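Shown below is the structure under consideration.
Derivation of every value follows stated rules applied to the coordinates shown; laboratory data play no part. Note that the structure is a prediction, hence the values are computed from the model and not measured. Counting neighbours? That spans all protein chains shown, and the Cβs are built from the backbone with ideal geometry, glycine included.
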């Protein structure tokens with residue numbers, strides 16, 4: 001059996017659904033990327049919903065089931081996972097994060113934890129991301 005050439009190990013295309021094709025993350029990765037990570041499912045914590053002003057003080061004292069139903073009806077979330085306590089944010093019709101405008105995050109300073117930690121501490125393959133050029 002022959003050893004594969006280095007060029008054969010580098011994926012020819014990046015598929016956000018296949019972490020084996022992702023590229024090594026660098027400090028400049030985001031500069032030339034089409035924000036591919038913002039087209040992946042975004043699961044947020046309760047604290048993130050508060051920081052983004054997606055829940056009110058009334059929601060904080062309401063039963064969780066009531067708040068989940070309200071957030072679904074308002075098309076803020078698509079699901080809640082009881083096991084993890086995470087809420088799936090509803091994406092735009094184009095399949096992007098609701099806060100991605102002109103390839104920029106409009107809530108960058110108060111973005112959810114998953115966005116802050118991706119791809120170094122969170123994600124399917126730490127240290128790698130589904131970079132696609134703009």
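If we count other beta carbons within 10 Å of each Cβ, what is the order of 54, 71, fewest first?
If I rank by nearby Cβ atoms, fewest first, I get 54, 71.
Taking a quarter of the surface of the convex hull around the Cα atoms of the chain, what do you get in nm²?
Dividing the Cα hull surface by four gives the mean projection, 10.4 nm².
Here's another thing I want to ask about it. Between helix 64-73 and the chain, what is the angle of the helix's C-alpha long axis to the longest principal axis, kept within 0 to 90° and rounded to the nearest 10?
70 degrees
Students often check this: by mean Cβ neighbours within 10 Å, which of 118-131, 84-97 ranks highest, and how do the rest follow?
Sorting 118-131, 84-97 by mean packing, highest first, produces 118-131, 84-97.
While we're on this one: Among 106, 42, 77, whose mean-square fluctuation peaks in a Gaussian network model of the chain (Cα, cutoff 10 Å)?
106
Nearest 500 deg cm²/dmol is fine: what mean residue ellipticity at 222 nm does the chain get from its DSSP H runs of n ≥ 4 alone, each adding -39,500 (n - 2.57), divided by its residue count?
When only DSSP H runs of four or more count, the value is -5000 deg cm²/dmol.
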